[in-house]
Each structure stands twice: as structure tokens, then as C-alpha cells.
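The values are calculated or read from the model by the stated rules, or taken from the named source; none is laboratory data. Predicted model, so just to flag it, every value in this text is computed and none were measured. Positions of Cβ are backbone-derived with ideal geometry, glycine not excepted, and every protein chain shown enters the neighbour counts. The accessibility values were calculated without ligands, DNA or RNA, using every heavy atom of the protein model including side chains. Shrake-Rupley method; radii C 1.70, N 1.55, O 1.52, S 1.80 Å.
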Amino acid sequence: MLRADLDAPRKQRHTITRTFHQLVQEHSADVSYQMVRRYVSDRKPEILAASGKAPEEAFAPQSHLPGHEAEADFGDVTVRLADELVTCYLGLGTGGLAYSTVASSAWAQPAGDRTRPSA
């Protein structure tokens with residue numbers, strides 16, 4: 001059934017639910033839906049690989065030199081300060097080495113004043 005689906009149009013392939021019902025009704029199989037779902041999820045990639053129709057795997061190595069990468073986001077946020085709603089300007093920033101974040105900062109101040117606060 002899974003092999004036959006390789007050449008079938010996308011809309012005519014067997015769903016896991018349909019496969020489960022066929023196994024139970026036509027073959028009197030004593031299986032649970034979860035068992036069929038797990039089997040199909042494990043077996044389908046193997047069948048695709050054996051047929052040569054598996055999607056190509058791609059890997060693009062990344063190299064991030066210290067100080068050459070940073071991310072930032074800015075915007076207005078409404079917060080409650082001393083039981084009063086205040087709209088503040090929020091800035092978030094990170095700079096990283098490869099896969100670890102080495103620094104992060106955030107500041108908030110009334111939206112009318114768009115300058116970064118002093119330390």
C-alpha cells in the first residue's frame with residue numbers, strides 16, 4: 001500500500017486513517033491507530049529512500065566570527081507601572097558566538113523619548 005502510493009497522485013494517496021480502517025475492516029487486523037501511525041511514520045521515509053524518491057538532504061555550515069553577528073528588535077509596548085498603563089519604547093539586542101548568546105540587553109522608557117538610556 002505504501003509502495004503503491006509512490007506513483008499515485010497526491011490527492012489519491014492513502015492517509016494513515018484510511019490505512020488503519022482498511023487493515024481493520026478488510027484484514028481483521030488487531031491494531032491500534034497509534035500503532036499504524038507509528039509504523040507508517042517510520043516506514044515511509046525508508047520506502048522513499050529505497051525508491052530513490054527521498055528529498056535531498058541539505059546542510060549549509062555556518063560560521064559566525066566574534067563581533068560579526070547581532071540581532072535587534074525594537075517597538076512600543078504597553079506596561080503597567082505603579083498601577084498606570086504606560087506605553088514604552090522597547091529595544092532588545094543580542095550578539096553571539098556561533099550558537100551561544102554572549103550578551104543581551106533590554107531597555108524601556110516612555111515612548112516620547114526615543115534615546116537609549118544611560119547605564
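With a requirement of 1 or more residues that are surrounded by 12 or more Cβ atoms within 10 Å (Cβ to Cβ) and at pLDDT below 70, the strands (runs of 3 or more DSSP E) lying completely within the range 1-118 that satisfy it span 84-97, 100-110. Sub-8 Å Cβ pairs linking a first residue in the range 33-50 that is touching a residue at least 12 places away in the same chain (Cβ under 8 Å) to a second residue that is polar (S, T, N, Q) and open to solvent by 60 Å² or more (accessible area, probe 1.4 Å), at least 6 apart or interchain, are Y33/T17, ordered by first then second residue.
Does E56 satisfy the condition of being over 26 Å from L6 (Cβ atoms) and among the acidic types (D, E)? Quick ask: steps written out before the conclusion?
Values: over 26 Å from L6 (Cβ atoms): no; among the acidic types (D, E): yes.
No; evaluated as a whole, the condition is false for this residue.
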